[in-house]
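Here the structure comes first, spelled out in C-alpha cells, and everything after it is commentary.
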Amino acid sequence: MLHREKITRILTQARQIDANCEMFGADHHQYRLNPPVPESFVREVEEACGFTLPNDYRRFITQVGDGGAGPDYGIDPFRSFWKEGYFQEDRFAEAHRQRYRRSLTRPFAPRPMTPEDQADSATGNPSHYAEHPERYFIIDPPEKEEEEEGGWWLTGGFLTLGTRGCQWAYGIALNGEHRGRVFTTDNEGGYLLEAYSFEEFYRRWLEWLADTERFRQALKQWQGRFQR
C-alpha cells in the first residue's frame, strides 16, 4: 500500500539529486504531490458520470495525493476532471468534454495487436513486441457514425492519467476485462500494458527514483542530450 510519508521521502531525495528539475518532465511536477482530493468530490463525479474508479487509484488520489509527481510529466489531478479532454477553449470545448465523460462509461475493449498491426503502429518496437506480444493491444478506427459522435480519440472506458509528451499518454481502464490496468497509448489506437494496477505502476516509478545510482545515471544521460 502506498503511503504519502514514504513517497515524500523518496521525492525529496530525488529533488536533492535533480535540484534544477532537469529530468524529463520534472520541471512540470517538481517531485511534489498535490494535496488529496476530497472523497465527496470523487463520489460526485462517479454518480454524475456513471462510472467508478478502481480502488487503488481512488485511494491514492483521496489519501495520498491528487496527482503531481509521477512518470514523465506527472499524474494529472482528478480535481480537474470536469475540464479534462485536451481541448482548446472554444465554443465546442464543453460539448467535446461531455462526450469524453460519456465515453468513460463504456467498456474498454481493445483486441490483441497482431504483428501486422504492430508494423504500422507507433506503439513499442518489433523486438519488444516479439518478446511480449501479450502486452500489446489495438482499437480499430470507429465507424463513421461513431467518429461523428466522438472522434477517434474517444476510447471507451479509458481515463487518461498523464502525458508522456507529444502524442503519448498513459491511463487506466475503468471498465471491461482490463479494469484497473494501466496502459500507455499512442492516441492512434495502440495500447501497451504497463501494469496490472495503478499501485504497481506508481510503485515501479518510485523504485526507479529510490535507486539513486540508477537515477543519477539516467539524469546524466538526459542532461547529456542538451550538451552535445
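The values are calculated or read from the model by the stated rules, or taken from the named source; none is laboratory data. Just so we're clear, the structure is a prediction, and the values are computed from it rather than from any experiment. To get the accessible areas, we keep the full protein, side chains included, count just its heavy atoms, and leave off ligands, DNA and RNA. Shrake-Rupley method; radii C 1.70, N 1.55, O 1.52, S 1.80 Å.
Per residue, how many Å² of accessible area does the chain show with a 1.4 Å probe?
On the way: 12400 Å² over 228 residues.
Ligands and nucleic acids excluded, the figure is 54 Å² per residue.
Tell me whether the chain comes out rounded, prolate or oblate; compute the Cα gyration tensor, take square roots of the eigenvalues as a ≥ b ≥ c, and use a/c under 1.5 as the rounded threshold. Don't skip to the end; give the middle numbers.
Working: a/c = 1.70, a/b = 1.23, b/c = 1.38.
The shape class here is oblate.
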Would you mind pulling out the separation of the Cα centroids of region 188-206 and region 12-37, in Å?
20
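Stretch SER40-ALA119 to full length: gain in nm at 0.36 nm per residue minus the Cα-Cα span?
Details: separation 79, 0.36 × 79 = 28.44 nm, distance 4.54 nm.
Once the chain is fully extended between SER40 and ALA119, it gains 23.9 nm.
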Counting only protein heavy atoms with a 1.4 Å probe and every protein chain in place, the carbon and sulfur fraction of the accessible surface of the chain in whole percent equals 48
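Show that you can apply the helix-only estimate: for the chain, add -39,500 (n - 2.57) for every DSSP H stretch of four or more residues, divide by all residues, and state [θ] at 222 nm to the nearest 500. Don't skip to the end; give the middle numbers.
Numbers: 10 runs with 89 residues, N = 228.
After summing the helix terms and dividing by the residues of the chain, the value is -11000 deg cm²/dmol.
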Can you give the accessible area of THR105, probe radius 1.4 Å, in Å² rounded to 10?
60
